[in-house]
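Remarks on the structure that follows.
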Amino acid sequence: MNDQPSGFHAEVTRRIYEAQHREISADPETFRRIVGQYDGTTFGIDPDWFKGKTALDAGCGNIGAMIRKLHSLGVAQIVGCDIGEGWIEPLSANLTDLECRVDLLHGDVLALPFENESFDFVSVNGVLVQLETMGHVRRGFAEGARVTKHGGYYFTSYGPCGGVMQGVIMPALREHYRRDAEFKMLIDTIRPDTIDAVVDKVVADARAHAGQSLDGDFLKSLFGWDYCVFLRNFIQCPTCWTNECTPAVVESWYEEEGFGEVRRLETYCVRSDIRKFFAPLHYDRYHWMSRILYGEGYVQYIGRKP
């Protein structure tokens with residue numbers, strides 16, 4: 001069976017995520033939240049270990065959240081790579097305040113343009129699940145492992161796995177997006193003012209027909225740019241292998257590549273929109289309601305190459 005990646009899939013995926021990242025960069029509040037998502041974490045590693053090290057952010061996109069985190073930990077040289085080159089200029093603009101060496105270059109996670117054991121720390125964050133096939137996901141994982149130095153760490157992140165949200169609702173929305181032109185147009189163009197207009201109608205109709213007074217300003221505050229980009233992120237993607245990348249599967253990959261000290265990491269995602277009411281359940285995967293809604297929870301791991 002031929003499992004070579006198609007350029008079309010990669011190009012479509014690249015265009016989708018570059019557009020989303022431009023929207024994030026253009027909205028200060030959303031940008032601050034995304035960049036701050038790693039605040040307080042050192043990926044389960046002694047923070048002093050990072051000082052003077054080299055690091056790779058494979059599939060870095062054009063925001064630079066991981067690169068900024070690595071810089072804050074004292075990494076001396078950081079390389080960011082992704083497919084295409086259109087992301088390099090906007091990412092460079094986002095990183096002008098950093099003082100460490102940052103090299104940005106074209107690179108495919110399925111064939112990283114680096115020698116074996118090139119980096120002390122390698123991050124492949126949310127990239128593998130967007131590849132064309134599960135064979136590519138496994139291959140991309142192996143590439144990240146290959147360029148990790150002995151004694152170095154390999155961080156991979158896959159997103160939410162299973163449950164009602166990711167196992168049922170999101171796949172149904174993605175399928176509807178592909179089939180229904182009106183729904184596709186809504187997702188492709190949704191903005192906060194789109195939602196605000198709907199809220200205004202709901203508030204007016206509730207007052208006119210039921211004598212109810214709804215807090216429209218509060219409702220609007222729950223659906224900003226961050227939420228709009230979230231919808232696009234999970235619905236527009238051509239492929240999404242988060243349900244297949246279970247903890248057991250990911251742990252087996254680390255074992256097959258010879259890694260030790262493999263640990264699952266947990267991160268509380270701070271939200272400012274409607275998702276803030278679900279963030280505690282999203283984080284605590286042992287709660288009974290969390291298991292129903294989010295299944296295995298958010299899957300991300302760190303391992304050390306002996």
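Odds and ends about this structure:
- Going through (1) of a type in the set (A, V, I, L, M); (2) within 22 Å of Lys53 (Cβ to Cβ); (3) out of contact with any Ser or Thr (no Cβ under 8 Å at 6 or more places or on another chain); (4) surrounded by 17 or more Cβ atoms within 10 Å (Cβ to Cβ) one by one, Leu105 falls short only on (4).
- The condition (being basic (Lys, Arg) and under 16 Å from the mean Cα position of the chain (by Cα)) is satisfied by just one residue among Arg285, Arg271, Arg304: Arg271.
- Taking segment 195-232 as the range and being basic (Lys, Arg) and either at pLDDT 95 or above or more than 24 Å from Lys276 (Cβ to Cβ) (or both) as the test, the residues that pass are Lys201, Arg207, Lys220.
- Among the conditions (1) in a loop (DSSP other than H, G, I, E, B); (2) in the same structural domain as Tyr153 (by TED's automatic domain parsing), Arg275 misses just one, which is (1).
- Criterion (in the same structural domain as Ser25 (by TED's automatic domain parsing), surrounded by 15 or more Cβ atoms within 10 Å (Cβ to Cβ) and not in a helix (DSSP H, G or I)) met by exactly one of Cys269, Cys245: Cys245
- Subset of segment 201-226 that is exposed (fewer than 14 other Cβ atoms within 10 Å of the Cβ) and among the charged types (D, E, K, R) - its residue that is nearest to Ser25 (Cα to Cα): Asp217
- Among residues of segment 27-53 that are farther than 20 Å from Leu222 by Cβ and basic (Lys, Arg), those with a beta-carbon under 7 Å from a residue that is buried (at least 18 other Cβ atoms within 10 Å of the Cβ) and modelled with pLDDT of 80 or more at least six positions away or on a different chain give the pairs Lys53/Val75; Lys53/Asp120; Lys53/Phe121.
- Scanning segment 56-76 for residues that are outside the structural domain of Asp226 (by TED's automatic domain parsing), without any contact (Cβ under 8 Å) to a residue 60 or more places away in the chain and more than 22 Å from Ser118 (Cα to Cα) turns up at least one hit.
- Complete set of residues in segment 17-68 that are more than 17 Å from Glu85 (Cα to Cα), of a type in the set (Asp, Glu) and outside any helix (DSSP H, G or I): Asp27, Asp39, Asp46
- Test: residue in segment 248-263 that is under 28 Å from Val12 (Cα atoms), within 25 Å of the chain's Cα centre (by Cα) and not in a helix (DSSP H, G or I): no
- Flag for Val75 being part of a strand (DSSP E or B) and among the β-branched types (Val, Ile, Thr): no
- Some residue of segment 237-252 being farther than 28 Å from Ala55 by Cα, touching a Lys or Arg at 6+ places or on another chain (Cβ under 8 Å) and not polar (S, T, N, Q): no
- Selection within segment 91-147 - more than 28 Å from Arg32 (Cβ to Cβ), small (Gly, Ala, Ser) and not in a helix (DSSP H, G or I): Ala111, Ser118
- So Tyr286, is it in a loop (DSSP other than H, G, I, E, B), of a type in the set (Phe, Trp, Tyr), without any contact (Cβ under 8 Å) to a residue 24 or more places away in the chain and more than 21 Å from Arg33 (Cβ to Cβ): yes
The values are calculated or read from the model by the stated rules, or taken from the named source; none is laboratory data. Since we're looking at a predicted model, the values are computed, not measured. Neighbour counts are summed over all protein chains in view; Cβ atoms, including those assigned to glycine, are modelled from backbone coordinates with ideal geometry.
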